[in-house]
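The values are calculated or read from the model by the stated rules, or taken from the named source; none is laboratory data. Since we're looking at a predicted model, the values are computed, not measured. Glycine gets a Cβ as well: all are built from the backbone with ideal geometry, and neighbour counts include every protein chain shown.
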Amino acid sequence: MAVVIETTLGDITVDLYVEERPRTCLNFLKLCKIKYYNLCLFHSIQHNFLAQTGDPTGSGKNGESIYRKIHGDHARFYEAEMVPKLKHTKPGLLSMVNCGNNMLGSQFFITLGSDLQSLDSEHCVFGEVAEGSEVLLKLNEAICDTDHRPYQDIRITHTVILEDPFDDPEGLQVPDCSPEPSKETLMNGRIAPDEELDETKGMSAAEVEEREKTREARAQATILEIVGDLPDAEMAPPENVLFVCKLNPVTNDDDLEIIFSRFGKVK
């Protein structure tokens, strides 16, 4: 079951774990259906860790489940599904934020790193990114303050449900079109997403070139991590491993063994 999350950085297509997390997936899908996430900020982004959103106020202190829309204030949150146990093992996993006492609402995050064991017993994994790895790279490179809030706004602009296996709960009111954003939502931003920023102001040409090379190398490594070719984007090869490239087409394994055996035993 898939949803497209349209953001100011690009689109992310996510697959949901409807078999393992049916109640959480229903909650997420129906919040998408009523356009709850429209214009929500990514209010907290931590490099190589996570990007969090889902609070219309942008404060990280609010949010609600779809069940509150149906049953009232006493159903603002619902109990997390923790069986089977799903771990935060890789970038691109969707996880509902534990609001305390193992209760969930609307806030969720996308993982930006691997083996995030500190999150495993706390939050509820319910899906993963299927398309849009380049958007994860942009999220991971966001410039943030000491509270992990991006200086330039990054928002969910829209959500599109591609497939929904769940019937609408009785009493769910679905708008015919996207509702007008609240005043609170309109006022919670900083620098607008479409406002141009000169990130290289004051830097020399050499510094700009070095910065771009570093960002490109990091992006390539992160892509390899996401697709599974590298276990960790920050990982360096072992000291006894040599990468050889641009060989003459006629060079074979025996030729390489002869060359490198001059320096020691070739294994």
*Taking segment 114-142 on its own, how many of its residues are part of a loop (DSSP other than H, G, I, E, B) and either at pLDDT below 95 or out of contact with any strand residue (DSSP E or B) (no Cβ under 8 Å at 6 or more places or on another chain) (or both)?*
5
*Determine which member of the set 35, 90 is part of a loop (DSSP other than H, G, I, E, B), under 13 Å from the mean Cα position of the chain (by Cα) and of a type in the set (Lys, Arg).*
90
*asked:* Taking the condition of being assigned to a strand (DSSP E or B) and within 18 Å of residue 137 (Cβ to Cβ), how many residues in segment 148-167 meet it?
replied: 4
*For segment 86-117, which residues satisfy the criterion of being of a type in the set (A, V, I, L, M, F, W, C) and closer than 17 Å to residue 44 by Cα?*
93, 94, 96, 97, 99, 108, 109, 110, 112, 116
_Only one of 96, 82 is under 20 Å from residue 57 (Cα atoms) and either modelled with pLDDT of 95 or more or outside any helix (DSSP H, G or I) (or both). Can you tell me which?_
96
*Within segment 21-37, can one find any residue that is within 24 Å of residue 84 (Cβ to Cβ), free of Cβ contacts under 8 Å to residues at least 24 places away in the same chain and surrounded by fewer than 23 Cβ atoms within 10 Å (Cβ to Cβ)?*
no
